[in-house]
């Protein structure tokens, strides 16, 4: 009976320690910023008589988390208000569909700043994918954004200036500087 109590208490403490380590706060290296209009203003892709409306912000956020989270440690969105970070990355998406070529063209522009607001560099990632417009459109769009983010991430990894900024000390409230960033023009019908 005594051994059973020891085993149960040992299992309980193992589970408790697993939960505690799962909720540890990891330091943020990169704070990602996507402007609110990318979430609020949908764009339209056209294929002759068909239209497809969607919000770019959610798809880009997912792609940024997946790609940058896999390639760099400590990636958080500015919406979460990370306590500190070393680099702020402003992501701006673009998408276009050419119905004659049956091709999706995606572009992600990443403007990087140090946490105190100094410009580091600009990176552009482009991707294309041939696909039918009305067959799993959302999955195709997601693939294009992921591919464009892969290109951006590869350029970030190759840039020595960006890598040096990731080794610099963290600053508190890195997303406070995003309020002074210019508002881009609203895109209508994905015209750029």
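What follows is calculated from the coordinates using simple rules that are stated; it is not laboratory data. Bear in mind the structure is a predicted one, so any value in this text is a computation, not a measurement. No Cβ is skipped: glycine too gets one built from the backbone with ideal geometry, and neighbour counts run over all protein chains shown.
Just a few scattered comments:
- Three principal axis lengths of segment 79-172 [C-alpha, angstrom, descending]: 49, 28, 15
- Normalised by residue number, the volume inside the convex hull of the Cα atoms of segment 34-140 is 106 Å³ per residue.
- Each of 96, 132, 162 was scored by other Cβ atoms within 10 Å of its Cβ. Listed from fewest to most, they are 132, 96, 162.
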